[in-house]
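Undergrad: Pasting a structure here, questions to come.
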Amino acid sequence: MIKILKKFIGKVFKDLFRKKKHLKIGLYGPPNGGKTTLANRICMDWLGEEMGVVSNIEHETREVQVKEQINITKGNKSLSFSLVDTPGIATKIDYEDFMKKGMKAKEAKVRAKEATRGVIDSIKWLDNLDVVIVVLDSTKDPFSQVNITIIGNLAARKIPVLIVGNKIDLRRSKLKKIQAAFPQYDVVGISAKKGNNMEEFYEALFVIAG
């Protein structure tokens, strides 16, 4: 009876500690998947302010950005965390690709250098995170080298992962392909830009962060 009581008390204190724990949650994925758009959506929902700047040109986010003290409450559940928005992970960054988007050579070279540094910093940050949200463009093929590299790194570190298939509002969206590519993880489809399915996203976040 005493052992059972101790076990019960231990579970109660463990649950209380878990609920109070402040987590670090990182947003990862390839460029232009919608990481910063999702970060802005989360921050607008719970803080009333945006987190970063978005652009149609790859690697708009080139430095790790952190938004402290986000508190989400749903019914009797609460979650406190710092949100870490990371630069897009890429296996190759070529300044000439930026020139094709209209940038001058000097500006393109600076952007490429900053983007490369950002990728390195993103990988370093993995050691500081409790949970990672992988944001993928659901209109693109999930079986890319970049995606496999990201997931492989997370699996090796045994970090809890939630995969978000973004841009489900577009006709080309194929969420089932992402689910088939990474069946070992929960996959939630959303439109970070329009706010579609965010309630399901938050529910999944509570599960993975618990």
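Undergrad: Can you name the condition, by its number, that residue 155 falls short on among (1) among the small types (Gly, Ala, Ser); (2) exposed (fewer than 14 other Cβ atoms within 10 Å of the Cβ); (3) in a helix (DSSP H, G or I); (4) at pLDDT below 85?
TA: (4)
Undergrad: Now, a different point. Going by the conditions given, is residue 116 surrounded by fewer than 21 Cβ atoms within 10 Å (Cβ to Cβ), touching a residue at least 12 places away in the same chain (Cβ under 8 Å) and assigned to a loop (DSSP other than H, G, I, E, B)?
TA: Judged against the criteria, residue 116 is not a match.
Undergrad: May I ask you to say which residue of 87, 142 is in a loop (DSSP other than H, G, I, E, B) and at pLDDT 90 or above?
TA: It is 142.
Undergrad: Ok, one more. Within the stretch 14-48, which residues are at pLDDT 90 or above, among the charged types (D, E, K, R) and either out of contact with any Phe, Trp or Tyr (no Cβ under 7 Å at 6 or more places or on another chain) or in a helix (DSSP H, G or I) (or both)?
TA: Listed by number, the residues that qualify are 35, 41, 45.
The values are calculated or read from the model by the stated rules, or taken from the named source; none is laboratory data. Model, not experiment: these values are computed from the prediction. Glycine gets a Cβ as well: all are built from the backbone with ideal geometry, and neighbour counts include every protein chain shown.
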